[in-house]
Amino acid sequence: MRWFWIDRVTYLEKGKKSRAIKNVSLAEEHLHDHFPGWPVMPQALMIEGMAQTGGILAGSVSNFTENIVLAKVSKASFHRHVHPGDQMVFESELVDSGPNGYRAETRITVDGVLTAESSMMFAAVPGISGETAFVFKDNLMALLRECPGFDRSTNGFSQ
Amino acid sequence: MPTKEAIFETVKLCLVEALSVDDDEVTLEASLTRDLGAESIDFLDIIFRLEKAFAIKIPRGDLFPEGLQTNPQFVQAGKLTPAGLAELKKRLPYADTTKFEKNPSVSNLGDIFTVGMIVGYIETRVGGK
């Protein structure tokens, strides 16, 4: 099992932009305690969702053969609370690419209203040649299967 | 062509943003690791910011050489050998290695990666005076 803080990747332009959604539900246990009687999506988990959206985008550069590791959160700002019933839309843009890492800028909107934004750095650790890197194995790739342009035969994006 | 002062001011801005330090901490002598607290991923962050600020491409290993410490010809008993020192100077001609050469211990290597070294490198790339 692994932690998912996005439900689906809805758009991916290889090495350029990605978009994902998460529907926040009161069925999520952490919202019962954060806070009792006033459920608010924890911002640390929103950072994880931004890291997953940006990390998948960074992984797409190598068709998911590199392991992508969140290395640094340079900036994270939160403008509004997120509550059960809200749908968060994550949009990442890859603003820097280097031989051993990437920088992605990600924003979250709810109903079109800017809710959070971040700038993150990802380190790229080579995987085994020709294989999907271990961080992208299993269910993480399942997030991508419904995404337009995803090629199941190559586990990647053609463009 | 930008002056050395202008290059320094731009480098300072990049370092303040990448390392979240105060601008008065960024002096030419300041070591990136020891004085400004840079960690490995910060070096990539710094490179990204320098590339944008000066509109240049910095090839891998150009500013922060790789592989030096793992080569037994260059490092023995935790210190750079004469061949290692020569290689270091060859790869980083803009670095001031005078102090480091007195005790070329690998643990002191971070001291030569100073703000002044970055300014020197940028000068060679953009032809500053």
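Summary table below
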| read-out | value |
| --- | --- |
| Sum of -39500 (n - 2.57) over DSSP H runs of 4+, divided by residues of chain A (222 nm, nearest 500) | -4500 deg cm²/dmol |
| Computed [θ] at 222 nm, deg cm²/dmol, chain B (DSSP H ≥ 4; -39,500 (n - 2.57); rounded to nearest 500) | -14000 deg cm²/dmol |
| Quarter of the Cα convex hull surface for segment A:3-159, i.e. its orientation-mean projected area (nm²) | 9.0 nm² |
| Cα pair distances exceeding 17 angstrom across segment B:38-79, given as percent | 45 percent |
| Helix B:82-91 vs. chain B, principal-axis angle (Cα, 0 to 90°, nearest 10) | 20 degrees |
| Neighbour-count ranking [beta-carbon atoms within 10 angstrom, fewest first] of A:PHE136, B:PHE113, A:PHE150 | A:PHE150, B:PHE113, A:PHE136 |
| Whole-Hz couplings from phi, Karplus 6.51/-1.76/1.60, listed for segment B:35-41; x for Gly and Pro | 8, 10, x, 5, 10, 4, 5 |
| 5 angstrom amide H check on A:VAL95, placed H, neighbours 5+ away | A:ARG103, A:ALA104, A:GLU105 |
| Cubic angstrom per residue, convex hull over Cα atoms of chain B | 100 Å³ |
| Cα-based helix-to-principal-axis angle, A:43-60 vs chain A, degrees rounded to 10 | 20 degrees |
| In nm, spacing of pseudo-spin labels at A:HIS83 and B:GLN69 (7 Å Cα→C-beta vector) | 5.1 nm |
| Hits among lysines - C-alpha to C-alpha of A:LYS16 under 25 Å, sequence gap 8 or more where chains match | A:LYS72, A:LYS75, A:LYS137, B:LYS52, B:LYS57 |
| Förster radius 41 Å - calculated FRET efficiency between A:SER25 and B:GLU25 (Cβ-Cβ, nearest 0.05) | 0.35 |
| Residues A:THR106, B:THR33 arranged by fewest to most Cβ contacts within 10 Å | B:THR33, A:THR106 |
| Nearest 10 degrees, 0 to 90: helix B:115-126 Cα axis against chain B principal axis | 70 degrees |
| Kirkwood-type radius of segment A:1-51, with distances r between different C-alpha atoms, in Å | 12.4 Å |
| Zone of A:LYS17's modelled label, taken as backbone nitrogen in segment A:37-56 under 16 Å from a point 7 Å along Cα→Cβ | A:54 |
| Selection from B:PHE74, A:ALA116, A:ILE47 lying farthest towards where the dipole of the protein assembly as shown points positive, charges on Cβ | B:PHE74 |
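Values quoted throughout were computed directly from the atomic coordinates according to the rules given, and no laboratory measurement underlies them. Owing to the predicted nature of the structure, the values given are computational and were not obtained by experimental measurement. Glycine also receives a Cβ, built like all others from the backbone with ideal geometry; neighbour counts cover every protein chain displayed.
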